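Below is one structure, written out as structure tokens, with a few remarks after it.
Just so you know, all these numbers are worked out from the coordinates, no wet-lab data involved. What you see is a predicted model; the values in this text were computed from it and never measured.
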């Protein structure tokens, strides 16, 4: 489910990228940000609050600052008093614009943080949107494994006991990186993309039936694990069924859908003698080759069509 972050989180996690500095309002750093959208409060400062996005980060640009400067001292105080009566999470003055003293005073009074950045409004709002979309993305926990194979995040799904952990262990032995075993947290982020990571309490352990709990770092070193990875391929493992018609050409286009995000999916039947880790490596290599314009089924079909024509 979607969650929130605080203004303190915004400053701490994105402060370097957004070049944020705190002017006043330190006591309000625990205020919550629940929307990825920001708001330019020009209409609100003019007195129109019917559709005011008070739950959003308020971005003050040259227009807002110039308008406040043109007001008389009494009108400026009246306009800003009404503005600060709304529970806004924080204010950000872009382009290193000077923050009026009355804004500092009212922000301190209402414990609303006022931040400043040298970035122009366009660049700042784009970076802010990207960061907040990632942070506020929808999160679900699913049963599966996540492995980094050749730089591609592979989410391995299938019923309990099908061999997901054994396959992941074999991939780690081949030099790939384990992200999560048994439980994977999936988050929809900007793009839309799917970001996968492990629950904190699971750390770098993997459970293999017959062996028990294995510490991946102890056996294979710190390079054998990762914290998070974008999911770009989903591999669904299922028991081999002779009555099931499996794709033998490669023209089927399966997809795994997570809320608004969609990634490629392949279904691999599990049977004695089939090396699943090799097949997953091949599936990833095939995905990478397709990105370079090499599509074996289409190329073969084209060659056969030309041969038949001749």
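Determine by what factor the alpha-carbon radius of gyration of segment 84-125 differs from 2.2 N^0.38 Å, reporting the quotient. Mind showing how you got there, number by number?
Numbers: Rg = 10.8 Å, N = 42, 2.2 N^0.38 = 9.1 Å.
Here the Cα radius of gyration is 1.19 times the empirical estimate.
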Rg to Rh for the chain: what is it, with Cα atoms only and Rh by Kirkwood? 1.14
Cα extents of segment 5-135 along the principal axes, largest first, in whole Å, come to 40, 27, 25
Starting from the eigenvalues of the Cα gyration tensor, five times each then square-rooted, give me the equivalent ellipsoid semi-axes of segment 139-304, largest first, whole Å. 26, 19, 15
For the chain, longest principal axis from Cα atoms; helix 101-110 axis from its Cα atoms; angle between them, nearest 10 degrees, is 60 degrees
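Need one number: % antiparallel among DSSP beta bridges in segment 139-304, to the nearest 5. Before the final figure, lay out each step's value.
Values: 30 of 43 bridges.
The answer is about 70 percent antiparallel.
Given the rule -39500 (n - 2.57) for each run of at least 4 DSSP H residues, summed and divided by the residues of the chain, what is its mean residue ellipticity at 222 nm, to the nearest 500 deg cm²/dmol? Please report the intermediate quantities before stating the final value.
Values: 10 runs with 106 residues, N = 310.
After summing the helix terms and dividing by the residues of the chain, the value is -10000 deg cm²/dmol.
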Distance between the C-alpha centers of segment 157-232 and segment 102-117? Whole Å please. 45 Å
With angles folded into 0 to 90 degrees, how steeply does helix 121-135 sit against the dominant principal axis of the chain? Use alpha carbons for both and round to 10. 50 degrees
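Restricting to the chain, compute how many DSSP beta bridges are antiparallel as a %, nearest 5.
Details: 35 of 56 bridges.
That works out to approximately 60 percent antiparallel.
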Measuring from the longest principal axis of the C-alpha atoms of the chain, the long axis of helix 164-173 (C-alpha) lies at a number of degrees, nearest 10, equal to 90 degrees
Out of all DSSP beta bridges with both ends in segment 5-135, state the antiparallel percent to the nearest 5. 40 percent
